[in-house]
1. Evaluate the range A:305-315: report whether one residue or more is more than 17 Å from the chain's Cα centre (by Cα) and modelled with pLDDT of 85 or more.
2. Among all residue pairs at least 6 apart or on different chains, which show Cβ distances below 7 Å where the first residue, located in the range B:169-180, is within 11 Å of chain A (Cβ to nearest Cβ) and the second is assigned to a helix (DSSP H, G or I)?
3. Can you say whether A:PRO33 is in contact with a strand residue (DSSP E or B) (Cβ under 6 Å, 6 or more places away or on another chain) and either in contact (Cβ under 8 Å) with a residue 60 or more places away in the chain or within 14 Å of another protein chain (Cβ to nearest Cβ) (or both), as far as the supplied structure shows?
4. Report, by residue number, each residue of the range B:394-410 that is in contact with a His (Cβ under 9 Å, 6 or more places away or on another chain) and either more than 9 Å from chain A (Cβ to nearest Cβ) or under 9 Å from B:GLY441 (Cα atoms) (or both).
5. Taking the condition within 21 Å of A:ARG317 (Cβ to Cβ), within 26 Å of the chain's Cα centre (by Cα) and part of a helix (DSSP H, G or I), does A:ILE244 pass?
6. Test of understanding: among A:VAL263, A:VAL297, which residue is surrounded by fewer than 21 Cβ atoms within 10 Å (Cβ to Cβ), within 14 Å of another protein chain (Cβ to nearest Cβ) and touching a residue at least 12 places away in the same chain (Cβ under 8 Å)?
7. Tally time: how many residues in the range A:266-294 are touching a strand residue (DSSP E or B) at 6+ places or on another chain (Cβ under 9 Å) and at the interface with another protein chain (Cβ under 10 Å from one of its Cβ atoms)?
Amino acid sequence: MTAFLLRRLSQTVITLLVMSVLVFVGIYMVGNPIDILISASATPAERQQIITAMGLDLPVWQQYWIFLKNALAGDLGNSFVYNQPAIRLILSRMPATLELAFSAFVIALLIGIPLGLYAGLKPRAVGSRGVMVFSILGFSLPTFWIGLMMILVFSVYLGWLPASGRGQTVNVLGVPLSILTLDGLSHLVLPALNLALFKISLVIRLTRAGVIECMQMDYVRFARAKGVPEARIVLLHVLKNTLIPLITVIGLELGSLIAFAVVTETIFAWPGMGKLIIDAIGVLDRPLILAYLLMTVVMFTIINLIVDICYSLADPRVRLGEDSRS
Amino acid sequence: MKQAILAAAVAALISTTAGVEAADLTIGLAASPTSMDPQFYVVGPNSAMARNIFDGLVNQDKNQQIQPALAVSWKTTDDLTWEFKLREGVKFHDGSDFTAEDVAASIKRVELASKNSPSSFLPYVADIESVEVVDPLTVRIKTKQPAALLLNNLSRIAMMPAELEDVPTDTLNQGKDVIGTGPFKFVSWQPENRVVLERNDQYWGEPAAWDQVTFRVFTNPSARVAAIRSGDVDMIEAVPTADLDTLKNQSDIDVVTHSSNRVMYLHLDQDRDQSPFAKGRDGSNPLKKAEVRRAISLAINREALVDRIMDGQGVPAGQLVPEGYFGYAPDIAVDPYDPNEAKKLLADAGYPSGFSLTFHASNDRYPNDSLVAQAIGQLLTRVGIKTEIVTLPASVYFSRASKLEFSMIMGGAAVETGEASGVLGPLLETYGPGAGQGNRGRYSSPEFDAALQKARLTVDEGARQALLQDAMRIAMKDLGVIPLFFLANSWAMKDAFQLTPRTDGYTLAYDVKPAGQ
């Protein structure tokens, strides 16, 4: 286990390094932030002073070296336009994004698994066909369009739910959460559902396929022959075996939920990290972009780690220390 | 910050339980301020937000003309000395008195606040040699040279209590010490999300109509429109042109459209013999010839651009400032749409069969910018200039344009100072140290430069206006840039509200009143 964690850690460090180089060079090539930020009436002396203050006059490798040294000391730099530490800006927005992503994740599992199970056990029922049609729609309709439609229907015409923003928050261990208040929940429902829609469809399909496959396995037939109750067969044997591939995919999908949250956040004016990063890219706010992407890498790594551990719990054949798996 | 959020939450709770008595206003903004320090970063959203909380010695009114604010009167004793009489009895939000000491400290603080600023306020105080406190209500400002724009520049400098002279931007960004004299007091701020303000009952002018104002940020246009249609906000700024009709047809929503101070224009490479994207048969740069530039101007149907592409949200432009602005020359006509004359001019200039041109424009910086660019491309192709359109995101476009990688580009310039030199200088003055930094066409005319420079040093209003008009005439005759149209700004609000719109497009809570008042 320790060897496994150590290897993971070193992989993460390498990923972070490669990522930071790519982003740094990428943004450097896109354009000069000064041309976007500075007002046209500034004199060359002022312009030069700002360029020097931001360290943009140095060759790119030197800029990168400075960034790296500061980053190792825990300082990812100040955002150009906010003049605040980039990491502070991102951390202050992170709870909102994580809350949204996890809510969507839970919704996807709570709706997806039962529906998938049903569709897998009774593939020919009319209801199952309905479920499959729904999942095709969930796959194929673009998130932003569904989001706008949801706002139109539930906020504009019916007036049931607020169209945008995050509701009242309460602090839990210093983290502001909105899911614990009624106002917060009413704000969370639409964006979380919007974000979850694609994942619900995915979970339905994966579960259904897994269930259909497992139901034809010998151990299910044996269990039936032995007289094991159907409910026990489905819940213990079939579902558990279905979960193994599901965990792998779903774990990775949690990462993409956090990444895809950008679109949903923009439509619902949800004050998460996504909105911050979109604007940062628009004005080439390099420290903010870098800090965000590096945080994302760290987050993905942690999620993958958790997935692997869950995987080993669900499937005793898997041992984390073994080389063959990585 | 946490306390601020908590305070906002509590305030929100109180305001909802207080019922109908409380007059609250929620405004949906299109862009977030990036700082609560009014002296940190010269950029629209920051300046607009600052105007709710802070005042200058003088303020710009809704047409960007200078009005007395914290100074009630001023006089020039000689070309270099200005004396300001301050308003009596003005209180800061923390209860302290506003005096001459605060003026001196506020102007001095600009230097500190410029640290790490991507675009600082230093240019606005560059002319100032010294600030003397004569008595608590009199300030004497000496300038390094005759500074005709001193009042315009001072209108951009927020007045803060003298104790804040050494307080850095970061402190204000954390919601501490955001203290001004304006109609609203600061309550809380979350970047990219919301700003909450409350009424300043000690305001020196008429008190604002609202107990509490919440600004919320919706960068996505559809989200902004949805917010007003669902009633989440009372009012939004920057209504997307595509949604104007929907909102106008909704009975409980009013739309206000008002011309703005931002002119859209074309910059043409008129300096180099060979240009990367404009080539005649012999490979030379056709844009160097004034006839060709005039032909391009005549080939553009400005009325159609405004009507069809901008849905009427604009006014055709024949010069760089709108009517009513200081320096506007009434005798300059808007070029008519005249494709035949354009073809004739092209033939006279030696391009009877036109030439090939690639036209570059941004696609996410100005309203409908890529659509406008495509329409212009088609209009030019119609008179024989084979035009290709390339549109790029602003983050890429402006850097490359500054490096002169293009031949013809489209830009937009706002008349931030409220008078003509604010656009003439950056866009048209001969490029060099200290001048013409936004002159991406490298227009250069000694007569123009002389008139503009003289205007800057002329304190007398009448003489200065005449000089600015001269400069404008010269540049428009040469077509140093080709003006296209002035953008319009639109706001949508519930019919219980009314707004006095501003040409600078700032959405100020003070300008919003309950309908019928």
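The values are calculated or read from the model by the stated rules, or taken from the named source; none is laboratory data. These figures come from a predicted structure and were not determined experimentally. Here Cβ is always computed from backbone atoms with ideal geometry, including for glycine, and neighbour counts include all displayed protein chains.
1. Taking every residue of the range A:305-315 in turn, none turns out to be more than 17 Å from the chain's Cα centre (by Cα) and modelled with pLDDT of 85 or more.
2. These pairs meet every condition: B:THR169/B:ALA113.
3. no
4. Within the range B:394-410, B:GLU405, B:PHE406, B:SER407, B:MET408, B:ILE409, B:MET410 qualify.
5. yes
6. A:VAL263
7. Number of matching residues: 3.
Conditions (1) assigned to a loop (DSSP other than H, G, I, E, B); (2) not aliphatic (A, V, I, L, M), marked per residue:
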{"site": "B:ASP232", "(1), (2)": "yes, yes"}
{"site": "B:VAL239", "(1), (2)": "yes, no"}
{"site": "B:ASP245", "(1), (2)": "no, yes"}
{"site": "B:GLY283", "(1), (2)": "yes, yes"}
{"site": "B:VAL315", "(1), (2)": "no, no"}
{"site": "B:VAL321", "(1), (2)": "yes, no"}
